[in-house]
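Shown next, in structure tokens, is the structure this report addresses.
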Amino acid sequence: MSLSNPATEDIIRSTEDIIRSIEEARLRALVAGDVEAARVHHATDFQLITPIGVALSRDEYLGAIASGQINYLSWEAGPIVVRLHGDTASIRYAATLEVVFIEQHVPKSRYWHTDTYEYLDDRWQIVWSQATQVR
């Protein structure tokens with residue numbers, strides 16, 4: 001039995017598109033090293049789990065970008081799949097990225113990204129992010 005209706009489906013598609021746009025804007029800001037533009041997309045309790053298993057808070061992550069310890073040279077995201085759950089959304093996508101991490105060049109590699117967004121303070125913000133390298 002389906003309880004969906006066209007108006008609800010339009011709202012869901014619109015919200016999914018908004019979340020995709022936010023993620024794309026966040027990635028552009030990270031590659032540009034624009035920490036202030038990136039900050040608005042990250043919740044205060046944001047946490048990243050890096051491909052090597054290190055947990056970084058929002059301030060640690062954005063601070064590392066500001067200082068140049070993390071320097072994204074490119075980040076090419078594939079199609080972003082969004083799943084909505086009320087005021088929470090999960091996204092997943094494959095991406096190719098190239099980064100300099102603590103003066104160590106990491107050549108272009110493929111990663112899976114799984115992120116959780118929450119609707120906080122009248123906007124969608126990323127709260128959790130995990131990246132896994134594709135070997």
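The values are calculated or read from the model by the stated rules, or taken from the named source; none is laboratory data. All values reported here derive from a predicted model rather than from experimental measurement. Note that each Cβ is placed from the backbone with ideal geometry, even for glycine, and that neighbours are counted across all protein chains shown.
A few notes on this one:
- Residue list for region 74-92, restricted to those being in contact (Cβ under 8 Å) with a residue 60 or more places away in the chain and in a strand (DSSP E or B): 82, 84, 89, 91
- Residues satisfying the stated conditions in region 77-135, i.e. among the basic types (Lys, Arg), in contact with an Asp or Glu (Cβ under 9 Å, 6 or more places away or on another chain) and more than 15 Å from residue 22 (Cα to Cα): 108
- For region 96-112, the set of residues classified as without any contact (Cβ under 8 Å) to a residue 60 or more places away in the chain and surrounded by 13 or more Cβ atoms within 10 Å (Cβ to Cβ) consists of 96, 97, 98, 99, 100, 101, 106, 109, 110, 112, listed by residue number.
- Odd one out for residue 77 among (1) among the small types (Gly, Ala, Ser); (2) under 28 Å from residue 14 (Cβ atoms); (3) more than 12 Å from the chain's Cα centre (by Cα); (4) surrounded by 13 or more Cβ atoms within 10 Å (Cβ to Cβ): (3)
- If you go through region 1-44 and pick out every residue that is among the aliphatic types (A, V, I, L, M) and touching a strand residue (DSSP E or B) at 6+ places or on another chain (Cβ under 9 Å), you end up with 10.
- Among the residues of region 88-125, just one is closer than 12 Å to residue 75 by Cβ, under 14 Å from the mean Cα position of the chain (by Cα) and of a type in the set (Val, Ile, Thr), namely 96.
- Taken over region 10-30, the residue count meeting the criterion of being crowded, with 17+ Cβ neighbours inside 10 Å, over 14 Å from residue 42 (Cβ atoms) and of a type in the set (Asp, Glu) is 1.
Quick grid of which residues meet (1) of a type outside the set (S, T, N, Q); (2) loosely packed, with under 13 Cβ neighbours inside 10 Å; (3) part of a strand (DSSP E or B); (4) modelled with pLDDT of 95 or more:
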site	(1), (2), (3), (4)
36	yes, yes, no, yes
47	no, no, yes, yes
60	yes, no, no, yes
64	yes, no, no, yes
72	yes, no, yes, yes
94	yes, no, yes, yes
114	no, no, yes, yes
126	yes, no, yes, yes
